[in-house]
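Enquirer: One structure, as structure tokens, below. Some questions next.
The values are calculated or read from the model by the stated rules, or taken from the named source; none is laboratory data. The shown structure was predicted, so the numbers you read here are calculated from the model rather than taken from an experiment. Virtual Cβ from ideal backbone geometry, glycine too; neighbours counted across all protein chains shown. Ligands, DNA and RNA are excluded from the accessible area calculation, which covers all protein heavy atoms including side chains. Shrake-Rupley method; radii C 1.70, N 1.55, O 1.52, S 1.80 Å.
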Amino acid sequence: MTRDTDHNTGAAGETDATTLDPWGSSTIADYRKLFEEFGIEEFDELLADVENPHYLMRRGVIFGHRDYRAVLDAMAAGKPTAALSGFMPTGDPHIGHKLVFDEIIWHQQQGADAYALIADLEAHAARGLSWEEIDEHARDYLLSLLALGFDPEAGELYRQSENRGLQDLAFELGIKANFSELENIYGFDGETDVSHMQSVVTQMADILYPQLDEPKPTVIPVGPDQDPHVRLARDLAARMRFFGVTKAFASFEASGDELELLGAAHGALSADDGDTVRCEDAAAWLREHGNPDDDGFGSVVAKLDSAGKEPLEPRVRFVDRNATKEAFEALIEAVEGEKRVYDEHIDSFDLTREEAEALAREVELDNGGYGFYAPSSIYHRFMTGLTGGKMSSSIPASHISLLDDPQDGYDKVKSATTGGRSTAEEQRRLGGEADKCPVYELYAYLLAADDDAFAKKVYDECVGGERLCGGCKEQAAELMKEFLEDHQEKRAEVEHLLKDADIELVSSRR
């Protein structure tokens with residue numbers, strides 16, 4: 001997904017549900033379930049390979065990812081990459097939105113092409129905002145983004161409603177999606193209006209938009225409730241490709257589980273005497289050495305029996321997904337070395353998987369295709385509201401707007417719920433519960449900025465009983481007041497950048 005909205009900054013730990021609803025207000029009770037149930041990978045496993053990691057990465061605020069390794073590898077090699085996120089302008093930008101602003105700006109500073117968009121079509125279709133309201137809020141989001149360091153000359157700002165290239169891409173993607181799919185993913189039904197459904201396809205186009213001019217690894221920073229959008233965009237990116245590239249051992253198709261069994265059989269038999277391994281030999285080996293209870297066992301043995309004496313050889317397979325006749329013929333010509341050509345695929349025995357994927361993309365681009373990479377994503381934790389529940393623009397006391405009067409920001413922090421004990425004596429004896437404290441989150445997510453030592457000092461003093469809540473909130477309130485004063489001064493300083501930026505500030509639909 002391409003935006004961070006009210007519900008993207010709700011409290012962790014409010015419910016046990018792990019339903020991911022991009023338009024709802026559910027929160028995540030246990031982030032570990034996201035790894036188990038939805039296949040989100042742990043960001044910590046990549047952290048050591050991130051050059052100059054942002055403090056949100058170092059402190060575990062960014063906790064998960066999908067395929068972010070592709071972006072890291074491209075950045076390390078000096079190859080093109082991109083980062084995109086967007087904002088549905090339904091209210092004032094607040095400190096929860098700053099997480100995404102910072103993630104986009106950090107990637108831009110690391111050399112990625114950066115894109116920030118105003119999801120005005122979605123705001124109009126899914127939230128019913130008028131174009132006048134959208135224009136007012138959009139300007140505020142853009143000013144805060146620029147004030148925090150986004151370079152509009154090096155990046156791109158756009159509105160969904162004014163970007164014809166985006167709308168054309170959404171139309172093409174819509175051909176590859178269907179109502180049953182949207183029904184299953186989002187719970188759409190006969191009462192869902194067509195514009196709401198269309199806004200989903202537009203969001204898919206947003207995610208792939210950075211690759212229109214040049215395919216490149218692209219990261220989408222979001223909250224975990226936006227993961228359904230990311231998964232659908234990855235599926236659509238694959239469906240738009242002319243060719244798929246897979247591993248194979250014989251002329252028949254094989255699933256991932258079957259490929260593992262084929263690899264085991266081929267490895268064992270080829271090591272025995274070096275003779276050609278045939279499918280019937282692999283079937284016999286699996287019956288003797290395999291486990292019939294393994295996934296794919298029965299189906300792969302049946303396929304091997306059917307293939308009989310066909311040689312079992314590792315190869316890379318180009319599968320025709322959407323290729324034109326001319327593109328398929330061009331690929332046949334482009335594959336060098338030993339190959340076998342079938343009606344709907346080509347097997348290469350000399351190319352590596354990486355070489356094959358690069359060749360498939362090159363031929364696709366030469367023949368009018370998009371060549372999309374599957375988009376990657378990183379996921380940040382939800383911020384807890386200052387009142388202890390969900391942080392929401394509709395609950396003023398729960399959040400701090402980037403437009404709040406600095407004194408109001410000070411007062412909100414002073415009134416915030418904490419993770420402290422019921423008495424000072426108990427706090428000194430047992431220590432505070434920083435991991436449950438909205439005020440500590442302010443330090444970790446915002447107020448400590450890049451100073452990890454300061455964030456750790458606050459945490460250690462809290463859990464060690466040295467820091468009491470009154471003094472801690474006073475310090476946080478002063479820092480918040482200073483941050484808002486500084487941010488609003490910078491907003492005024494970048495007014496000219498917004499005026500000069502290549503984005504329409506007043507909708508043509510008004």
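Enquirer: Modelling each spin label as a point 7 Å along the Cα-to-Cβ direction, I'd like the Ser422/Glu478 distance in nm, to one decimal.
Expert: So the label points at Ser422 and Glu478 sit 3.2 nm apart.
Enquirer: On to the next question. What FRET efficiency comes out for the pair Arg287/Arg239, r = Cβ-Cβ distance, R0 = 51 Å, nearest 0.05?
Expert: The calculated FRET efficiency here is 0.85.
Enquirer: Of the chymotrypsin sites (Phe, Trp or Tyr not before Pro) in the range 336-406, which ones lie in a loop per DSSP and count no more than 16 other C-beta atoms within 10 Å?
Expert: Filter output for the range 336-406: Tyr342, Phe349.
Enquirer: Dipole of the chain (Lys/Arg Cβ +1, Asp/Glu Cβ -1, origin at the Cα centre): which of Tyr440, Ala77, His65 lies farthest to the positive side?
Expert: The one lying farthest along the dipole's positive direction is Tyr440.
Enquirer: Over the range 455-510, how many percent of alpha carbon pairs lie in each 10 Å bin up to the one with the longest distance?
Expert: 18, 27, 20, 16, 15, 4
Enquirer: Further question: Tell me the relative contact order for the chain as a rounded percent, counting alpha carbon contacts under 8 Å between residues six or more apart.
Expert: Rounded, it is 21 percent for the chain.
Enquirer: Dipole of the chain (Lys/Arg Cβ +1, Asp/Glu Cβ -1, origin at the Cα centre): which of Gly419, Leu99, Phe349 lies farthest to the positive side?
Expert: Gly419
Enquirer: Now for a different question. Treating only the Cβ atoms of Lys and Arg (+1) and Asp and Glu (-1) as charged, compute the dipole magnitude of the chain about its Cα centre; round to the nearest 20 debye.
Expert: Computed about the Cα centre, the dipole is about 960 debye.
Enquirer: Right, next: Starting with the highest mean, order 412-425, 212-225 by the number of other Cβ atoms within 10 Å, averaged over the residues of each peptide.
Expert: 212-225, 412-425
Enquirer: Next question. Using a Förster distance of 45 angstrom, determine the FRET efficiency expected from the C-beta separation of Asp151 and Glu338, and round it to 0.05.
Expert: Plugging the Cβ-Cβ distance into 1/(1 + (r/R0)^6) gives 0.35.
Enquirer: Straight-line reach from Lys499: which lysines have a Cα under 23 Å away, not including same-chain ones fewer than 8 places off?
Expert: Those lysines meeting the cut-off are Lys98, Lys490.
Enquirer: Taking the Cα centre of each part, how many Å lie between the range 140-199 and the range 214-240?
Expert: About 12 Å separates the Cα centre of the range 140-199 from the one of the range 214-240.
Enquirer: Shifting gears a bit: Computed from the coordinates I sent, Rg/Rh (Cα atoms, Kirkwood Rh) equals one of (i) 1.04; (ii) 1.13; (iii) 0.98. Tell me the label.
Expert: The listed entry that was calculated here is (i).
Enquirer: Taking all protein chains in place and a 1.4 Å probe, what share, in percent, of the accessible surface of the chain do carbon and sulfur account for?
Expert: Here it works out to 45 percent.
Enquirer: Let me ask you something else. On full extension of the chain, what length is gained from Asp408 through Leu47, given 0.36 nm per residue of separation minus the C-alpha to C-alpha distance?
Expert: Contour length minus Cα-Cα distance gives 126.3 nm.
Enquirer: First check a/c for the range 244-383, with a ≥ b ≥ c the square roots of the eigenvalues of its C-alpha gyration tensor; if it is under 1.5, answer rounded, and if not, answer prolate when a/b is larger than b/c or oblate otherwise.
Expert: oblate
Enquirer: If the chain between Phe38 and Phe252 were fully stretched, how many nm would it gain, using 0.36 nm times the residue separation less the Cα-Cα distance?
Expert: Additional length available on full extension: 74.0 nm.
Enquirer: Which FRET efficiency value, to the nearest 0.05, is calculated for Ala268 and Glu354 with the Förster distance at 30 angstrom and r the Cβ-Cβ distance?
Expert: The pair Ala268/Glu354 has a calculated efficiency of 0.70.
Enquirer: Starting from the Cα-Cα distance between Lys490 and Glu183, subtract it from 0.36 nm times their residue separation and give me the gain in nm to one decimal.
Expert: 106.1 nm
Enquirer: Say the dipole of the range 110-269 comes from +1 at the beta carbon of Lys and Arg and -1 at that of Asp and Glu; which of Leu269, Ala112, Gln160 then lies farthest toward its positive end?
Expert: Farthest towards the positive pole: Leu269.
Enquirer: Tell me the mean residue ellipticity at 222 nm calculated for the chain from its helices only (DSSP H runs of n ≥ 4, each -39500 (n - 2.57), averaged over every residue, nearest 500).
Expert: -14000 deg cm²/dmol
Enquirer: Taking the Cα centre of the range 31-163 as origin, sum charge times position over the Cβ atoms of Lys and Arg (+1) and Asp and Glu (-1), and report the length of that vector in debye to the nearest 20.
Expert: Dipole size: approximately 300 debye.
Enquirer: In debye, nearest 20: dipole of the range 225-276 around its Cα centre with unit charges on the Cβ of K, R (+) and D, E (-)?
Expert: Taking the Cα centre of the range 225-276 as origin, the dipole is about 480 debye.
Enquirer: Which whole-number value in Å² is the accessible area per residue of the range 153-291, probe 1.4 Å?
Expert: 42
Enquirer: Starting from the Cα of Asp502, step 7 Å along the direction of its Cβ; do the same at Asp305; then give the gap between the two resulting points in nm.
Expert: Between Asp502 and Asp305, the label points sit 6.3 nm apart.
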